[in-house]
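Engineer: Just passing along the structure, written as structure tokens.
None of the figures in this text is laboratory data; all of them are computed from the coordinates on show. Owing to the predicted nature of the structure, the values given are computational and were not obtained by experimental measurement. Neighbour counts run over all protein chains shown; Cβ positions are idealised from the backbone, glycine included.
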Amino acid sequence: MTPELGPASEPPRARFTRAARRAGVKVTPQRLEIFAEVASRTDHPDAEGVFRAVRERLPAVSLDTVYRTLWLLTDLGLITTLGTRRESVRFDAGTSLHHHYVCTACGLTQDFESPALDAIPLPESVAAFGVPARTQVEVLGLCAACHAESA
Ligand SMILES: [Zn+2]
Ligand SMILES: [Zn+2]
């Protein structure tokens, strides 16, 4: 298997299984289902959103299990979290380099790619903070639905 498979090129269940085995983490049907749900979403759901969706297929799952699994997936590097905001933390299955358009009214966060923003030059003052690994830009505004509602 090629080591550098992009996130979209390998089915989520296979990706989870590979990462879990490497880290010595147990592969359970609940964990597989929770990761498959996050991987299928482009709306950066919070834990409750994931819980509501997987509960239909896993009636025995608890919100607490969903929380713990989401943080486990984060530790495994399979998903990332979006910066702390007034609402609860949102989870992001897009682990390749991308940027965010964040609706300040409803919190909907959408991905976009931009090689120009990936390569944005940082001010020298940033060097005092440490060693930057990547640059992720957050554009704030209203989403199309909230804009239509406010118009
Ligand atoms: Zn919105
Ligand atoms: Zn994202």
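Engineer: Please work out the ratio of the alpha-carbon Rg of the stretch 104-148 to 2.2 N^0.38 Å and round it to two decimals. Can you show the working numbers first?
Structural biologist: On the way: Rg = 14.4 Å, N = 45, 2.2 N^0.38 = 9.3 Å.
Cα-based Rg divided by the globular estimate yields 1.54.
Engineer: Quick one: net charge around Ser114, please, counting Lys, Arg +1 and Asp, Glu -1 for every other residue with C-beta under 15 Å from its C-beta.
Structural biologist: My count for the surroundings of Ser114 gives -3.
Engineer: Express in whole angstrom the spacing between the alpha-carbon centres of the stretch 19-92 and the stretch 105-151.
Structural biologist: The stretch 19-92 and the stretch 105-151 have Cα centres separated by 23 Å.
Engineer: Restrict the search to the stretch 79-140; then list the GluC sites (Glu not before Pro) that DSSP places in a loop and that have at most 12 other Cβ atoms within 10 Å of their Cβ.
Structural biologist: Details: sites: Glu87, Glu113, Glu124, Glu138; in loops: Glu87, Glu113.
Listed in order of number, the matching sites are Glu87, Glu113.
Engineer: Then there is this: Using every Cα-Cα pair within the stretch 20-70, state what percent have a distance larger than 13 Å. Working shown, then result.
Structural biologist: Working: 685 of 1275 pairs.
The calculated P(r) of the stretch 20-70 puts 54 percent of pairs beyond 13 Å.
Engineer: Return one quarter of the surface area of the convex hull spanned by the alpha-carbon atoms of the stretch 34-151, equal to its mean projected area, in nm².
Structural biologist: Convex hull of Cα atoms, orientation-averaged projection: 9.3 nm².
Engineer: Given a 10 angstrom Cα cut-off, can you work out which residue in Ala39, Ala47, Ala133 is the most mobile in a GNM of the chain?
Structural biologist: Checking each option, the largest mean-square fluctuation is seen for Ala133.
Engineer: Find the relative contact order for the stretch 14-151 and round it to a whole percent, using C-alpha pairs within less than 8 Å whose residues are 6+ positions apart.
Structural biologist: It comes to 20 percent, rounded to a whole number.
Engineer: Taking K and R as +1 and D and E as -1, what net charge do the other residues with C-beta under 12 Å from the C-beta of Phe16 add up to?
Structural biologist: Computed value for this residue: +4.
Engineer: Could you pull out the GluC sites (Glu not before Pro) across the stretch 12-59 that fall in loop regions by DSSP (anything but H, G, I, E, B) with no more than 15 other Cβ atoms inside 10 Å?
Structural biologist: Details: sites: Glu33, Glu37, Glu48, Glu56; in loops: Glu56.
Answer by residue number: Glu56.
Engineer: As a test of understanding, state the convex hull volume per residue of the stretch 43-110 from its alpha carbons, in Å³.
Structural biologist: Numbers: hull volume 6.3 nm³, N = 68.
Once divided by residue count, the hull of the stretch 43-110 is 92 Å³.
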